[in-house]
Amino acid sequence: MTDPRGELPRLIGDCVHCGFCLPTCPTYVLWGEEMDSPRGRIHLMDQLETGTPMSPPMAEHFDRCLGCMACVTACPSGVQYDRMIELTRARVEREHPRSLPERALREMIFRLFPYPGRLRALRGPLRAYQRTGLDRLVRRSGLLERLSPSLAAMERLAPPLSRAPRLPERVGARGGRRATVGMLTGCVQGEFFPGVNAATARVLALEGCDVVIPRGQGCCGALSLHSGREEEARAFARRTIVTFETVDVIVVNAAGCGSAMKEYRRLLADEPEWAGRADALSAKTRDLTEFLVELGPRARRHPLPVTVAYHDACHLSHAQGVRAQPRALLGAIPELTVREVADPDICCGSAGTYNLLQPEAAAELGDRKAAGVRATGAELLVAANPGCSMQIATALERQGTRLPVAHTAEVLDASLRGTGTAALVGRRPRSPA
């Protein structure tokens, strides 16, 4: 995501410094520092463009940005801050020399999380670690926190693991085929939340879809794209295009992945061999809830007598503009009540790798979001992104609350199959600290 067309100077000029972005920016809300707001970061970008060298404090202000895009939604002038921060992050990665520990941490993250096979290999040891009670011992000792707050955050965020169901390459439509769709299984979603993928496939099949699940699929490149690792993101994007090129619609159940795939048209715009193919893939990518609303309901909804708090994932609401669809689907379930979380536009602090690279700020934001969820009095939290689910569940536990968390697909699955609420609200809790 270099800037061969000189986009950044033009985009910087769109900002009129009105300040409408300030109350929506998580880091400005936390600290009240102008340079930790979109307006302040745009000022720093302008300094870079006019010849000021990249300094460590400047890079830190860019690193502190969550990339949540709440400012893009709030801006009355249409400032493309999302594009600006991506271009600037790529420049930070090229020009800013990081310390050895920081480089090692980033390499570990980006050599692990975008690779489903490596995450799969981690599942066995992690399950044993959780089931033997070693996780509780490590947390109580505080040793990992003293060694590395980032590693401690990674350990705390790991969800409880059970046996992972493996999906077939094709799930047939029930009751007559209405559509054929490809399904992205994701990296963290596929290995740490496999039940979400199984529920997604069942819901699509019950609504009359043949579901194609390519076995050779890999990472979509979301983590790399949103962290300034441009060449890495392009490589993942090309592979994803090849994998899903033959299907008419691609259904995605992780907000960050769907957002990244809809950006392929921009990511590969300067590559003649791939630009058209990238544009075609972006055009046929749909979030699960977006697609189901477009398709329309057919399967019977059984009652679910439960009160849920719905959390807006930033890369679903701000990046993709998908807000009404999940609420409409949940609201159509008999006896289910949806309650809104206060300050829905403020990020929970997950933001891809943010809660690993900026654990202190992420924890503050997680605590704010958890307090908002608790205030709803809901029996179940519903979220549409694995990172959000882990982040908010961890913050709730930190506050002494063990509220079960489910994906929208799992709630729909329970209603369509008539399995009731027990599997949703009676989930195995995480180990207490």
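The values are calculated or read from the model by the stated rules, or taken from the named source; none is laboratory data. Fair warning: this is a prediction, and the values are worked out from it, not measured in the lab. When we count neighbours, we look across all protein chains shown, and the Cβ atoms used for this are built from the backbone with ideal geometry, even at glycine.
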Filter the stretch 220-235 down to the residues that are on the phi < 0 side of the Ramachandran plot and surrounded by 24 or more Cβ atoms within 10 Å (Cβ to Cβ) and list them by number. Cys220, Ala222, Leu223, Ser224, Leu225, His226, Ser227, Ala233
If we only count strands (runs of 3 or more DSSP E) wholly inside the stretch 331-433, which ones have 3 or more residues that are outside the structural domain of Leu204 (by TED's automatic domain parsing), farther than 22 Å from Ala254 by Cβ and without any contact (Cβ under 8 Å) to a residue 24 or more places away in the chain? none
When restricted to Arg202, Arg234, Arg139, the only residue part of a helix (DSSP H, G or I) and assigned by TED's automatic domain parsing to the domain that holds Arg111 is Arg139
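Can you tell me which of Ala309, Ala299, Ala278 is of a type in the set (Gly, Ala, Ser), surrounded by 16 or more Cβ atoms within 10 Å (Cβ to Cβ) and part of a strand (DSSP E or B)?
Only one candidate qualifies: Ala309.
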If you check Leu316 against the conditions, is it touching a Leu at 6+ places or on another chain (Cβ under 7 Å), under 30 Å from Gly418 (Cα atoms) and touching a residue at least 24 places away in the same chain (Cβ under 8 Å)? no
Among the residues of the stretch 205-222, which ones are touching a Cys at 6+ places or on another chain (Cβ under 6 Å) and not in a helix (DSSP H, G or I)? Cys219, Cys220
Candidates Gly190, Gly175, Gly186 - the one that is part of a loop (DSSP other than H, G, I, E, B) and buried (at least 17 other Cβ atoms within 10 Å of the Cβ): Gly186
Lone unmet requirement of (1) surrounded by 14 or more Cβ atoms within 10 Å (Cβ to Cβ); (2) farther than 30 Å from Ser317 by Cα; (3) among the hydrophobic types (A, V, I, L, M, F, W, C) for Phe110: (2)
Answer yes or no: is there a residue in the stretch 162-182 that is modelled with pLDDT under 85 and of a type in the set (D, E, K, R). yes
Across the stretch 84-103, which residue is nearest to Cys65 (Cα to Cα) among those that are surrounded by 11 or more Cβ atoms within 10 Å (Cβ to Cβ) and hydrophobic (A, V, I, L, M, F, W, C)? Ile85
